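See below for the structure under consideration.
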Amino acid sequence: MTIDLNSIHTVVEGNGERTFLLLNGAGQSLHTWNHVVPGLLGAGRVIRFDVPGVGWSPSPDAPYSFEQLGQAAMGLAERSCTGRLILIGHAWGARAAQVMARDFDVAGVVIGSGGGKFPPLAGPEDMRSLYVLDADEWSRRFERAYCAPGFSARNPERADWLFQLVRDTSVDRSVVTGAMERSPVDSYWGRFECLTLLLYGADDLVGHPEHAEDLHRSIPDSTLVYIEQAGHFVVAEQGERFAQEVIKWVEETGL
């Protein structure tokens with residue numbers, strides 16, 4: 001199958017000597033990056049999009065692999081890229097970013113909260129929180145599984161925004177799970193050689209430190225940073241800090 005690029009809801013912002021291509025977590029809207037993007041715009045162009053079957057991008061006729069998604073994402077990048085291309089993937093999107101870094105010539109890749117190789121530490125009932133209908137119970141379970149302890153107490157406005165965004169984003173789960181089924185984790189896990197930044201929430205129970213340390217050992221040119229007071233949704237909980245770490249890495253490596 002092929003993915004129609006014209007059907008993909010895409011937002012392109014900024015200009016500069018490099019382009020950041022953002023890849024969302026499983027079933028997440030491009031708005032998940034709202035608190036990251038402002039910090040990146042001073043360093044280059046930013047491209048973000050809803051993957052097919054999520055948000056404002058309609059579902060394709062059949063589930064796709066990460067390889068097929070990567071082809072489409074590169075097509076979007078080629079339309080708007082200025083200068084060097086840096087991939088930034090979060091969670092499910094970090095899987096897609098690894099496939100793309102393996103298959104295409106990119107300047108660098110940022111892996112945010114990348115998991116999938118080892119079992120999660122979060123309880124299965126909490127991870128299934130998306131299927132809980134009661135809003136209050138949903139929020140409690142979601143926060144336990146995917147956010148740092150005390151997130152909603154520390155930053156209630158940010159927590160309300162994130163919880164509402166996740167609940168309101170339309171998702172065709174067959175395409176999200178289909179990509180993981182069609183692209184086994186061992187086929188891409190650490191199988192690329194470009195400069196890599198690993199950004200993980202210190203309290204992540206899904207893409208937990210076992211993932212981070214394993215990738216760090218597997219990728220020679222990698223830098224590992226843990227972000228405090230952040231769980232699996234580090235790009236939302238600590239979006240500004242996430243962007244700062246990306247810019248610091250870009251400057252230190254000369255990307």
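The values are calculated or read from the model by the stated rules, or taken from the named source; none is laboratory data. Keep in mind the model is a prediction, meaning the values are calculated, not measured. FYI the Cβ positions are ideal-geometry reconstructions off the backbone, even for glycines, and counts take in every protein chain you see. Ligands, DNA and RNA are excluded from the accessible area calculation, which covers all protein heavy atoms including side chains. Shrake-Rupley method; radii C 1.70, N 1.55, O 1.52, S 1.80 Å.
Would it be correct to say that residue 152 is among the polar types (S, T, N, Q), in a helix (DSSP H, G or I), under 30 Å from residue 60 (Cα atoms) and over 16 Å from the mean Cα position of the chain (by Cα)? For residue 152, the condition - among the polar types (S, T, N, Q), in a helix (DSSP H, G or I), under 30 Å from residue 60 (Cα atoms) and over 16 Å from the mean Cα position of the chain (by Cα) - is not met. Looking only at segment 40-56, residues that are over 17 Å from the mean Cα position of the chain (by Cα) and at pLDDT 95 or above come to 5 in all. Tell me yes or no: at least one residue of segment 82-89 is over 18 Å from the mean Cα position of the chain (by Cα), under 24 Å from residue 22 (Cα atoms), charged (D, E, K, R) and not in a helix (DSSP H, G or I). The answer is yes; a qualifying residue exists. Could you pull out the residue among 226, 188 that is open to solvent by less than 10 Å² (accessible area, probe 1.4 Å) and among the hydroxyl-bearing types (Ser, Thr, Tyr)? Exactly one residue qualifies, and that residue is 188.
Results for (1) at pLDDT 95 or above; (2) under 22 Å from residue 123 (Cα atoms); (3) among the polar types (S, T, N, Q), shown as yes or no for each residue.
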{"site": "175", "(1), (2), (3)": "no, no, no"}
{"site": "189", "(1), (2), (3)": "yes, no, no"}
{"site": "193", "(1), (2), (3)": "no, no, no"}
{"site": "211", "(1), (2), (3)": "yes, yes, no"}
{"site": "215", "(1), (2), (3)": "yes, no, no"}
{"site": "225", "(1), (2), (3)": "yes, no, no"}
{"site": "235", "(1), (2), (3)": "yes, yes, no"}
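Comparison of 84, 102, 128 shows that the only residue that is open to solvent by 60 Å² or more (accessible area, probe 1.4 Å) and more than 25 Å from residue 245 (Cβ to Cβ) is 128.
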